[in-house]
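So the structure is just underneath, and the comments pick up after that.
The values are calculated or read from the model by the stated rules, or taken from the named source; none is laboratory data. In this text, all values refer to a predicted model and were calculated from it rather than measured experimentally. Counting neighbours? That spans all protein chains shown, and the Cβs are built from the backbone with ideal geometry, glycine included.
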Amino acid sequence: MDTEIELKFLVSEAVTPSIPALITQFAKTVTNKPSRNLQNAYFDTPSRELRALDIGLRTRCCDGVCEQTIKLAGDNVGGLHQRPEFNLPISGNRPELSAFDASIWPHGVQVDAIAENLYPLFSTNFIRRTWLVETQSGTLIEVVLDKGEVAANSSIEPICELEIELIKGERSELFLLAEKLIENLPLRMGLYSKAARGYRLADDTPLSASKEIDMVALTNEDSQERALEKCLNHGITFVQKHEQCYYQKPTLKTLKRITDGVSLIRHSLWLFKDIVEKQATERLRTELKWLLNELSWVETAIQLKTFTSKKHAYYKKINAAPDLAHVIDDLKDVQPTIEDVQQIFTSKRYNLLLLDLTIWLTERGWRQSWGQSQFQAAERNIHDIAAQLLEADWHEMRALVENEEPLSAHEYLNLKQRLERNLLSGCCLGALFNEEARLNFRAPWLDIVHGTFELFTLHYLEQLCQGKDSEELEKIQAWLSQKTEYLLSAMEQSRDATRNTQPYWRD
C-alpha cells in the first residue's frame with residue numbers, strides 16, 4: 001500500500017511553459033521523464049456502492065500495459081490530498097477485485113457482489129508530463145502536469161492540472177515547492193479530484209452553491225483539538241467549493257458563500273481560544289481580514305441587483321424615478337467584474353493564504369506555543385465544553401435584544417454583525433445536539449439576521465433617494481418607510497419568539 005500525499009493546482013495552458021524552469025530553480029536535480037498518454041476508466045455499481053464508501057476504482061492503460069487502482073477514503077485539507085492507494089497489474093482493461101488483499105476492504109463489504117455489477121462510469125484521458133525533483137536535503141517530489149479531458153455520457157470537461165506528490169522525505173519541502181509555484185504562477189489550489197469531477201458528469205449532478213453555510217460534522221467522541229481541526233477544514237473546503245462554483249457559474253450569492261466560509265474560519269480561531277493563542281494566528285487573521293475586505297462590496301452588489309430585478313417590488317418604483325435608476329446603474333458599473341474576481345482567486349496572496357491555512361492545519365501550528373494548560377484543554381471532550389461555549393454566546397445574544405421596548409431600524413442594523421458572529425458558534429458546535437431542538441431555537445434568530453439584511457437594503461435605497469428634489473423620489477421614500485415599518489413589526493415578533501425558545505444544548 002502507498003499513501004498519496006500531494007497538492008493539486010489548476011492551471012491554464014498559457015502558464016505551463018514556465019513550469020520546468022521554476023522546478024529547476026527549486027531543485028538540486030531534476031529528472032525529466034518521457035510523456036505518457038494515460039487512458040483511464042472509473043468503475044462503480046449502478047447503486048454507487050463504492051462511491052458511498054468513498055472508494056475509487058480505476059483502470060489505467062498506457063502503451064499496452066494496464067493496472068488497476070483502488071483509492072480508499074482519505075483526508076483532504078485545503079489543497080493537500082492524502083489517500084491510501086493500492087495498485088495491481090491486470091491483463092485487460094476490466095478490474096479484477098479478487099486480486100486485491102481482502103483486508104483492504106471495509107468490514108461487511110460484499111466484494112463478489114460488487115464485482116459482478118461493476119461497469120465503467122466515466123473516463124479520464126490525458127497526456128502526462130513528469131519530473132522527479134530531488135531537493136538539497138534529499139527529499140524526492142514528483143511533479144506531474146496533466147492535460148486532457150474527463151468524459152461521461154456526452155459531456156466533456158477539460159483537464160489542466162499540476163500535481164506535486166511527496167515520494168520520500170520531508171513534507172515541509174513539498175510545501176516549499178508549492179510556495180515557489182504560487183509566488184510565480186497564476187494558479188488555483190485544486191479541491192476536487194478527476195474522479196470527483198467524473199462522478200458529477202456521469203450522474204449529471206453539477207457542483208452547485210449552498211444556500212447557507214452548513215453544520216460542521218462533529219461527534220461526541222471528538223476532542224476540543226479535533227473539533228478545531230474539523231471546523232477549520234470545513235471552512236477551508238467551503239471556500240474552495242464556492243470558488244470552483246464561481247468559475248462554473250459566477251453569481252453574487254456564490255461570492256457571499258465564500259465570505260461565509262472565511263468568516264467561519266476566523267470565528268473558529270476565536271471560538272477555540274483556550275487552545276489557539278491570538279498571537280500565533282496574527283498573520284492568518286490579517287490575511288483573512290484582507291480577503292473579507294476584498295469581497296466587502298458583495299452585499300451591496302446583491303442589494304443593487306435586488307433593486308433592479310423584475311421579480312421584486314423595488315423594480316417598478318425605481319423605474320418610476322429615472323434619477324434613482326441612473327444612480328444605481330452608475331454604482332453597478334463600478335463594481336468589480338467577473339475577471340477582477342477571478343484575478344483574486346489566481347493571485348499570489350489568495351493562494352498563499354489557502355496554502356498557509358493548509359500548512360497550519362496539517363502541521364498543527366497552534367501547538368507551537370502550547371504549555372501544559374493547552375495540552376489539557378485540547379484533550380477535553382468537545383461535548384463537555386460545547387454547552388459552556390454556546391451558553392456564553394446565548395447570554396450575549398439575549399443581552400443584545402432583551403430590551404422590552406421595540407428596537408429601531410438603526411438599532412437592529414447595529415446588531416447584525418454581532419448576531420451573525422454568534423450564530424457561527426452554532427454552525428461549529430450545533431451538530432452535537434438534537435437537530436429539531438437546534439432548528440427551533442435558531443429559527444427566530446436567523447429570521448432577525450435575515451431581517452437586518454433586508455433593513456440594510458431599504459436603508460441603502462433610502463440613502464440613494466436623499467438629497468434630490470423629486471416628487472417620484474418622495475413617493476419612494478414614503479413607500480420605503482412603510483416597508484420598513486412592516487419589516488420591523490415582523491422582526492419584533494421574531495424577537496419575542498427568542499424569549500420563549502429553550503436552548504437546545506441544555507437538554
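Summary table
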| item | result |
| --- | --- |
| Scan of segment 122-142 for residues that are farther than 16 Å from residue 193 by Cα and either assigned to a strand (DSSP E or B) or among the β-branched types (Val, Ile, Thr) (or both), ordered by number | 127, 129, 130, 131, 132, 133, 134, 135, 139, 140, 141, 142 |
| Pairs with Cβ under 7 Å, 6+ apart, first in segment 287-298 and free of Cβ contacts under 8 Å to residues at least 40 places away in the same chain, second surrounded by fewer than 18 Cβ atoms within 10 Å (Cβ to Cβ) and not in a helix (DSSP H, G or I) | 297/335; 297/336 |
| Matching residues in segment 274-284 - criterion: being among the charged types (D, E, K, R) and either closer than 18 Å to residue 363 by Cβ or under 17 Å from the mean Cα position of the chain (by Cα) (or both) | 277, 282, 283 |
| Some residue of segment 433-446 being within 20 Å of residue 397 (Cα to Cα) and among the polar types (S, T, N, Q) | yes |
| Single residue of 132, 162 found to be in contact (Cβ under 8 Å) with a residue 60 or more places away in the chain, of a type in the set (A, V, I, L, M, F, W, C) and surrounded by 20 or more Cβ atoms within 10 Å (Cβ to Cβ) | 162 |
| Residue among 16, 69, 59, 45 that is hydroxyl-bearing (Ser, Thr, Tyr), surrounded by 14 or more Cβ atoms within 10 Å (Cβ to Cβ) and touching a helix residue (DSSP H, G or I) at 6+ places or on another chain (Cβ under 8 Å) | 45 |
| Test for residue 396: is it in a helix (DSSP H, G or I), over 25 Å from the mean Cα position of the chain (by Cα) and modelled with pLDDT of 90 or more | no |
| Any hit, segment 55-71, residues being within 30 Å of residue 350 (Cβ to Cβ) and in a loop (DSSP other than H, G, I, E, B) | no |
| Residue 150 loosely packed, with under 15 Cβ neighbours inside 10 Å, touching a Phe, Trp or Tyr at 6+ places or on another chain (Cβ under 7 Å) and not assigned by TED's automatic domain parsing to the domain that holds residue 239 | no |
| Close pairs (7 angstrom Cβ cut-off, 6 or more residues apart or separate chains): of a type outside the set (A, V, I, L, M) in segment 460-489, assigned to a loop (DSSP other than H, G, I, E, B) anywhere | 470/321; 472/320; 472/321 |
| Segments classed as helices (runs of 4 or more DSSP H), wholly inside segment 165-251, with at least 1 members that are β-branched (Val, Ile, Thr), on the phi < 0 side of the Ramachandran plot and in the same structural domain as residue 57 (by TED's automatic domain parsing) | 171-184 |
| Number of the condition not met by residue 96 [criteria: (1) farther than 18 Å from residue 125 by Cα; (2) in contact with a Pro (Cβ under 7 Å, 6 or more places away or on another chain)] | (2) |
| Selection count where residues are in a helix (DSSP H, G or I), of a type in the set (D, E, K, R) and surrounded by fewer than 16 Cβ atoms within 10 Å (Cβ to Cβ), scope segment 288-311 | 1 |
